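Read through the structure below, which is laid out as structure tokens, and then see the notes.
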Amino acid sequence: EPEVTQTPSHQVTQMGQEVILRCVPISNHLYFYWYRQILGQKVEFLVSFYNNEISEKSEIFDDQFSVERPDGSNFTLKIRSTKLEDSAMYFCATTGQAVNYGYTFGSGTRLTVV
Amino acid sequence: GQQVMQIPQYQHVQEGEDFTTYCNSSTTLSNIQWYKQRPGGHPVFLIQLVKSGEVKKQKRLTFQFGEAKKNSSLHITATQTTDVGTYFCAGPAVLFSGTYKYIFGTGTRLKVLA
């Protein structure tokens, strides 16, 4: 079964440092998302990406966050200057259609900001 | 904004007992999805319901979509230890681009005692 691949699985970074989280979507999927889950809490929407541009971003997705699909395969989430409160599990999710299709989630990147 | 709430937040059951989680949306939904997240894992798509009053079954799991399409339930018959995890419902929100994002519910964490 096709998978969404995320790297790294765990990232520890100093506060103020930049991090890049990577996702390789399923090849024929067109809609890409980043979600965040703080330990034990719900899955929160960060940003959606379609046709090489952001469709929508949440309040969490401030100027410190950016996404891009630099080479047509990888889908990346960059946090320019990490804060302690950015510590969470970050999930990439993709789907083949806008609606009526379930998301396929990657296994996530656990980001720890110290 | 659109909110999706679930109750209960936690449920501990003895193996073999039944379990039900309820999902309520602040708005009418065109469809609803259910996901399961094992401890330490990522959300995995289980099913989607579209029609008012729809009931779908997957082995011991029964999913129902309310008549008003604002609520849903997941019932597990005779729980097993493999059912342990957090169950999320998710409802779509239309984006300005015409695409969608799914808003995840608060989740119900199920623990099954052997």
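Brief remarks follow.
- Residue of B:59, B:70, B:36 that the Gaussian network model of chain B assigns the largest fluctuation, springs spanning Cα pairs under 10 Å: B:59
- Dipole magnitude of the stretch A:5-113 about its Cα centre (Cβ charges: Lys, Arg +1; Asp, Glu -1), debye to nearest 20: 300 debye
- Sites matching chymotrypsin sites (Phe, Trp or Tyr not before Pro) across the stretch B:42-103 that sit in DSSP coil, with at most 11 neighbouring C-beta atoms within 10 Å: B:96
- Computed over chain A, relative contact order equals 38 percent, with contacts defined as Cα pairs under 8 Å that lie 6+ residues apart.
- Förster radius 30 Å - calculated FRET efficiency between residue B:18 and residue B:94 (Cβ-Cβ, nearest 0.05): 0.25
- Look at where the Cα atoms of the stretch B:1-38 and of the stretch A:16-71 average out, and the two centres are 25 Å apart.
- Taking 28 Å as the limit for the C-alpha separation, the pairs A:57/B:59; A:83/B:111; A:78/B:111; B:69/B:101; A:78/B:69 exceed it in the case of A:57/B:59; A:83/B:111; A:78/B:111; A:78/B:69.
- Rg and Dmax of the protein assembly as shown, Cα atoms only, in Å: 17.6, 50
- Rounded to the nearest 5, the antiparallel percentage of DSSP beta bridges internal to chain B is 90%.
- Among A:30, A:46, A:77: highest mean-square fluctuation, GNM of chain A, C-alpha pairs under 10 Å: A:30
- Extension gain, residue B:57 to residue B:27: 0.36 nm times the residue separation minus the Cα-Cα distance gives 8.3 nm.
We did not get these values from a lab; they are worked out from the coordinates using the rules stated. It should be emphasised that the depicted structure is a prediction, and the values quoted were computed from it without experimental measurement. We place every Cβ from the backbone using ideal geometry, glycine too, and count neighbours over all the protein chains shown.
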